[in-house]
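*Asks:* The structure that follows is given in the form of structure tokens.
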Amino acid sequence: MDAVIDRGTLRIGIAEEDFLPWIGRDKAGKLLGFEVDVAHDLARVLGVRPEFVETPFGDLLNGLVAGRFDVVISAYSVTAERARLALFSVPYGQTDYYLLLDNNKLPKSASEGDYDVEGFKIGVIADTIGEAISARSFTKAEIVPFPDDEASRDALSKGEVGAIIAATPIPNFMMLAEPDRYAIGSEALFSSSEAVAVRPDSLRFVNFIDAWIEENQANGRLQAAREYWFDTLEWEQRLSKGDEPADQPAE
Amino acid sequence: MDAVIDRGTLRIGIAEEDFLPWIGRDKAGKLLGFEVDVAHDLARVLGVRPEFVETPFGDLLNGLVAGRFDVVISAYSVTAERARLALFSVPYGQTDYYLLLDNNKLPKSASEGDYDVEGFKIGVIADTIGEAISARSFTKAEIVPFPDDEASRDALSKGEVGAIIAATPIPNFMMLAEPDRYAIGSEALFSSSEAVAVRPDSLRFVNFIDAWIEENQANGRLQAAREYWFDTLEWEQRLSKGDEPADQPAE
Amino acid sequence: MDAVIDRGTLRIGIAEEDFLPWIGRDKAGKLLGFEVDVAHDLARVLGVRPEFVETPFGDLLNGLVAGRFDVVISAYSVTAERARLALFSVPYGQTDYYLLLDNNKLPKSASEGDYDVEGFKIGVIADTIGEAISARSFTKAEIVPFPDDEASRDALSKGEVGAIIAATPIPNFMMLAEPDRYAIGSEALFSSSEAVAVRPDSLRFVNFIDAWIEENQANGRLQAAREYWFDTLEWEQRLSKGDEPADQPAE
């Protein structure tokens, strides 16, 4: 934490893949999303400049350990496996995961609520908690990993898989767009908690981050940011920014 | 923590201003209030004597950093800004803040629930989270800082301001006393979480304090203390103690 | 934590007394129970072998401090007194305590809900939080300490005491077995939070354990384990295992 303040820059590891409304880019490549706002606010309360280090999601932990950035803020789920190499703050977000079904691709057993049958393909995002839990929950269906969220949704919409594991708010948005085609297969299959990850020698920094999260949960600012990104689509207009030649370089 | 136990004394930074039912003094100057009971209990479980260091609220953080006391227990809100210099325990209290209005001073726009208008004066306590959030929530009204809670309430009762930002349970007590005059302007504007602050090299002490809070939340003792101070006025009779020449010196 | 991983073994301090469904043994002496499953899972995520060190409940703290094991996982309540010598993780369990009455032994005042009368005997387990809180809640009744849970229930069933302090799910199981005889005297008298205790120099290990608990609360695995041990009696059939000469040595 002292090193960050002395340097005047908070280096933030963030996924280079798009996972809107968490993380995305406008047409000029400028980062935006709930996680980006969270990261900006952490830099602000530290009194430093944010510097985003866009990194493949699967390389974030290695990058943190190697010192390429000070924190991971990237819809990064708290897991014991990651906690062997990094420290976690208290959670600032929770994500619920659902089985999102293509009604045209249902197996016969679907009428009994059973989707774990041979030949049924379920798309997941590789190297995520969704992949790990799906492998546990679905032992007969075929788990098909995709590099990112967009690829997984593409495969569902093209009929390449019969279902995907999708996190709030994606199922809602897809069912709104094609209500006859998509359906949710069950209650939330599981949830994950998102927190800030820091390097293992940074316990004092964790206490600072925990205080910042506690403050913003109590004063309502975190919930307000969440509502903007998860309960509205106001931010969609920002995606087309930079469509024309950009006035300023991307962040 | 070891230094505290070796010394046999827990030095507690506490506001010299009155904020009952959190912190006050009887007529002999003896400290009382919810925070005082919390601090006594922390000293008890450490097996040491409590020593209160009464300090202007705005100087508590500096006093902690300078080593004038071991902990701040003073209805002290968790904030990231404070956490740059101190560590925070998990919260042991939560306070909800309301806009408390004088019905005789309402602006015309009050009928639409809008109090953020030019010329409307809103009293706050200087250097508190209430002042910071009010400055954000009310950009047209005039924010008037007062040195302490009593001065802010005085200004409201004398008609010097049209409203104050007041924390539970003050709005309830004032509306009970003059139901025609005072009203609450909205849902809670925001909340804050109160925790113990310790010096930044005291991570192990934070874990101890967290355990003590966890124990007393589970076993109901913290809630019982809260009910005594916030849901009853039984303690009011203690304020007049020391009215006559004190038998014993104030603490 | 590094020492545990280097050694390849997590040494777990666990009560040698039976407190099912938390901790018990089958007829071959093999450990089982909710706490045993929790401990196995912690060893698994650390990538090491669990080694259980069965210890009298009252000696667990001393054993941890003396380095005889790395963690205590033993339905171990978070208390400030214990936290003077050990660090605690966030809680992974909560237990509610009730006054379980023998309807044949009720004092006259029972009709007014008052069981704190001279001559009324209340059984507790020695050196537990139940004993400490009972001493505070019942000042006229006689608090009778027993070495373990089974002895306390035996005394109630033999009529040696008129009531015992019993934790969920024991009151439910006993009232199911003899509905006319047993009754609950009140709302939960108090609760306790169970967490992992580690040695005081292990703050980084606490952050790892907290992450592991957070993950398993979010993904539902902790709740599933809890339901198996507390809401079903499926595990009872496992108790008779080892009844015949054991094929393999007890763990």
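The values are calculated or read from the model by the stated rules, or taken from the named source; none is laboratory data. Quick caveat: nothing in here was measured; it's all calculated off a predicted structure. Glycine gets a Cβ as well: all are built from the backbone with ideal geometry, and neighbour counts include every protein chain shown. Please note that ligands, DNA and RNA were not included when accessible areas were found on the heavy atoms of the full protein model with its side chains. Shrake-Rupley method; radii C 1.70, N 1.55, O 1.52, S 1.80 Å.
*Asks:* Kindly provide the set of residues from region C:161-181 that are within 20 Å of residue C:18 (Cα to Cα) and of a type in the set (Val, Ile, Thr), ordered by number.
*Replies:* C:164, C:165, C:168, C:170, listed by residue number.
*Asks:* I'd like the full set of residues that are open to solvent by less than 60 Å² (accessible area, probe 1.4 Å), in contact with a helix residue (DSSP H, G or I) (Cβ under 8 Å, 6 or more places away or on another chain) and within 14 Å of chain B (Cβ to nearest Cβ), limited to region C:91-110.
*Replies:* Hits for region C:91-110 are C:91, C:92, C:93, C:97, C:98.
*Asks:* Looking only at region B:9-29, count every residue that is at pLDDT 95 or above and open to solvent by 30 Å² or more (accessible area, probe 1.4 Å) and tell me the total.
*Replies:* 3
*Asks:* Hey, another quick one. Identify the single condition in (1) within 14 Å of chain C (Cβ to nearest Cβ); (2) open to solvent by 20 Å² or more (accessible area, probe 1.4 Å); (3) touching a Leu at 6+ places or on another chain (Cβ under 6 Å) that residue A:84 does not satisfy, given that it satisfies every other one.
*Replies:* In the conditions (1) within 14 Å of chain C (Cβ to nearest Cβ); (2) open to solvent by 20 Å² or more (accessible area, probe 1.4 Å); (3) touching a Leu at 6+ places or on another chain (Cβ under 6 Å), residue A:84 misses (3) alone.
*Asks:* Being in contact (Cβ under 8 Å) with a residue 40 or more places away in the chain and surrounded by 20 or more Cβ atoms within 10 Å (Cβ to Cβ) is the filter here; which residues of region B:34-44 pass it?
*Replies:* The answer is B:34, B:35, B:38, B:42.
*Asks:* Report yes if some residue within region B:149-159 is away from chain C (no Cβ under 14 Å), outside any helix (DSSP H, G or I) and either buried (at least 18 other Cβ atoms within 10 Å of the Cβ) or not basic (Lys, Arg) (or both); otherwise report no.
*Replies:* Yes, region B:149-159 contains a residue that is away from chain C (no Cβ under 14 Å), outside any helix (DSSP H, G or I) and either buried (at least 18 other Cβ atoms within 10 Å of the Cβ) or not basic (Lys, Arg) (or both).
*Asks:* Out of region C:3-49, which residues are assigned to a strand (DSSP E or B) and more than 14 Å from residue C:235 (Cβ to Cβ)?
*Replies:* C:9, C:10, C:11, C:12, C:13, C:14, C:15, C:49
*Asks:* Does residue C:134 meet the test of being among the hydroxyl-bearing types (Ser, Thr, Tyr), buried (at least 22 other Cβ atoms within 10 Å of the Cβ) and either touching a residue at least 60 places away in the same chain (Cβ under 8 Å) or under 29 Å from residue C:222 (Cα atoms) (or both)?
*Replies:* Details: among the hydroxyl-bearing types (Ser, Thr, Tyr): yes; buried (at least 22 other Cβ atoms within 10 Å of the Cβ): yes; either touching a residue at least 60 places away in the same chain (Cβ under 8 Å) or under 29 Å from residue C:222 (Cα atoms) (or both): no.
Considered against the rule, which asks whether it is among the hydroxyl-bearing types (Ser, Thr, Tyr), buried (at least 22 other Cβ atoms within 10 Å of the Cβ) and either touching a residue at least 60 places away in the same chain (Cβ under 8 Å) or under 29 Å from residue C:222 (Cα atoms) (or both), residue C:134 comes out as no.
*Asks:* Which condition does residue B:48 not pass, out of (1) open to solvent by less than 60 Å² (accessible area, probe 1.4 Å); (2) within 14 Å of chain A (Cβ to nearest Cβ), if it passes all the others?
*Replies:* (2)
*Asks:* Still on this model: Is it the case that region A:215-230 has a residue that's under 23 Å from residue A:53 (Cα atoms) and modelled with pLDDT under 90?
*Replies:* no
*Asks:* Residue B:181: within 12 Å of another protein chain (Cβ to nearest Cβ), in contact with a helix residue (DSSP H, G or I) (Cβ under 8 Å, 6 or more places away or on another chain) and of a type in the set (Lys, Arg), yes or no? Talk me through it step by step, then tell me what you get.
*Replies:* Values: within 12 Å of another protein chain (Cβ to nearest Cβ): no; in contact with a helix residue (DSSP H, G or I) (Cβ under 8 Å, 6 or more places away or on another chain): yes; of a type in the set (Lys, Arg): yes.
No; evaluated as a whole, the condition is false for this residue.
*Asks:* While we're looking at this one, here's another question. If you go through region B:118-130 one residue at a time, how many are surrounded by fewer than 15 Cβ atoms within 10 Å (Cβ to Cβ) and either in contact with a helix residue (DSSP H, G or I) (Cβ under 7 Å, 6 or more places away or on another chain) or assigned to a helix (DSSP H, G or I) (or both)?
*Replies:* Result for region B:118-130: 0.
*Asks:* Okay, next question. Give me a count of the residues in region A:163-181 that are open to solvent by less than 10 Å² (accessible area, probe 1.4 Å) and under 16 Å from residue A:135 (Cα atoms).
*Replies:* 3
*Asks:* Take residue A:70 and decide whether it is within 14 Å of another protein chain (Cβ to nearest Cβ) and farther than 21 Å from residue A:132 by Cβ. Full working, then the answer.
*Replies:* Working: within 14 Å of another protein chain (Cβ to nearest Cβ): no; farther than 21 Å from residue A:132 by Cβ: yes.
So residue A:70 does not fit the description; no.
*Asks:* Among the numbered conditions (1) over 16 Å from residue A:127 (Cα atoms); (2) assigned to a helix (DSSP H, G or I), tell me where residue A:82 comes up short.
*Replies:* It fails just one condition, (1).
*Asks:* Residue A:237: closer than 18 Å to residue A:35 by Cβ, in a helix (DSSP H, G or I) and open to solvent by 20 Å² or more (accessible area, probe 1.4 Å), yes or no?
*Replies:* Here the answer is no, as residue A:237 does not meet what is asked.
*Asks:* Go through region B:192-219 and count every residue that is of a type in the set (A, V, I, L, M, F, W, C), touching a helix residue (DSSP H, G or I) at 6+ places or on another chain (Cβ under 7 Å), at the interface with another protein chain (Cβ under 8 Å from one of its Cβ atoms) and touching a residue at least 40 places away in the same chain (Cβ under 8 Å).
*Replies:* Summing the residues that are of a type in the set (A, V, I, L, M, F, W, C), touching a helix residue (DSSP H, G or I) at 6+ places or on another chain (Cβ under 7 Å), at the interface with another protein chain (Cβ under 8 Å from one of its Cβ atoms) and touching a residue at least 40 places away in the same chain (Cβ under 8 Å) in region B:192-219 gives 4.
*Asks:* So, in region B:182-202, exactly how many residues are of a type in the set (A, V, I, L, M, F, W, C) and either under 30 Å from residue B:112 (Cα atoms) or surrounded by fewer than 18 Cβ atoms within 10 Å (Cβ to Cβ) (or both)?
*Replies:* 5
*Asks:* Take the conditions of a type in the set (Ser, Thr, Tyr) and within 14 Å of another protein chain (Cβ to nearest Cβ) and apply them to residue C:9. Does it pass? Spell out the reasoning first.
*Replies:* Details: of a type in the set (Ser, Thr, Tyr): yes; within 14 Å of another protein chain (Cβ to nearest Cβ): no.
Against the criterion (of a type in the set (Ser, Thr, Tyr) and within 14 Å of another protein chain (Cβ to nearest Cβ)), residue C:9 does not qualify.
*Asks:* One residue is enough: does region A:62-73 have a residue meeting the conditions closer than 20 Å to residue A:228 by Cβ, in contact with a strand residue (DSSP E or B) (Cβ under 9 Å, 6 or more places away or on another chain) and surrounded by 22 or more Cβ atoms within 10 Å (Cβ to Cβ)?
*Replies:* yes
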